[in-house]
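Working notes for the structure below.
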């Protein structure tokens, strides 16, 4: 069995998904709240809207239709998933919570019409116990 190289992450399930509202809990943008716009499971990084904004200097590139935009372009850079915590709404107020996973039994249907029991994993908020 080959050993994994240092820094290589497994494709494990992360506690946040695209579209979740999260709060940054550490780093230069600590306290910032935003929506997850991209998830990189392999590198365990998430891109949060309005967080970790970087600026890149881009040169104008000539194309067949004309010139493309150049100049200083600001965009969000990914941050490590451990630096964000999920926000859930409790009594009209957003609070941070840890994420748990629960297996629940469901009935599935085969293409031939027969049914069978199976399990699916759902995310739950540890603070409220409700499904996310």
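Quick check on region 1-20: of everything there that is in contact with a strand residue (DSSP E or B) (Cβ under 8 Å, 6 or more places away or on another chain) and either modelled with pLDDT under 80 or surrounded by 10 or more Cβ atoms within 10 Å (Cβ to Cβ) (or both), which residue is nearest to residue 88 (Cα to Cα)?
Checked region 1-20; the qualifying residue nearest to residue 88 (Cα to Cα) is 20.
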All but one of (1) out of contact with any strand residue (DSSP E or B) (no Cβ under 6 Å at 6 or more places or on another chain); (2) free of Cβ contacts under 8 Å to residues at least 24 places away in the same chain; (3) closer than 30 Å to residue 119 by Cβ hold for residue 93; which doesn't?
(3)
Being in contact (Cβ under 8 Å) with a residue 40 or more places away in the chain and in a strand (DSSP E or B) is the filter; apply it to region 97-120 and report the residue that is surrounded by the fewest Cβ atoms within 10 Å (Cβ to Cβ).
101
Would you mind stating whether residue 94 is modelled with pLDDT of 95 or more, surrounded by 11 or more Cβ atoms within 10 Å (Cβ to Cβ) and either assigned to a strand (DSSP E or B) or under 23 Å from the mean Cα position of the chain (by Cα) (or both)?
no
Please work out which one of (1) modelled with pLDDT under 95; (2) closer than 24 Å to residue 95 by Cβ; (3) surrounded by 10 or more Cβ atoms within 10 Å (Cβ to Cβ) is the condition residue 56 fails and give its number.
(2)
Restricting attention to region 25-53, which residues are in contact with a strand residue (DSSP E or B) (Cβ under 7 Å, 6 or more places away or on another chain) and loosely packed, with under 10 Cβ neighbours inside 10 Å?
31
Restricting to region 22-63, what's the tally of residues that are over 19 Å from residue 96 (Cβ atoms), over 12 Å from the mean Cα position of the chain (by Cα) and assigned to a strand (DSSP E or B)?
7
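The values are calculated or read from the model by the stated rules, or taken from the named source; none is laboratory data. This structure is a prediction, so every number in the text was calculated from the model and none was measured. All Cβ positions, glycine included, derive from the backbone under ideal geometry; neighbour counts span all protein chains shown.
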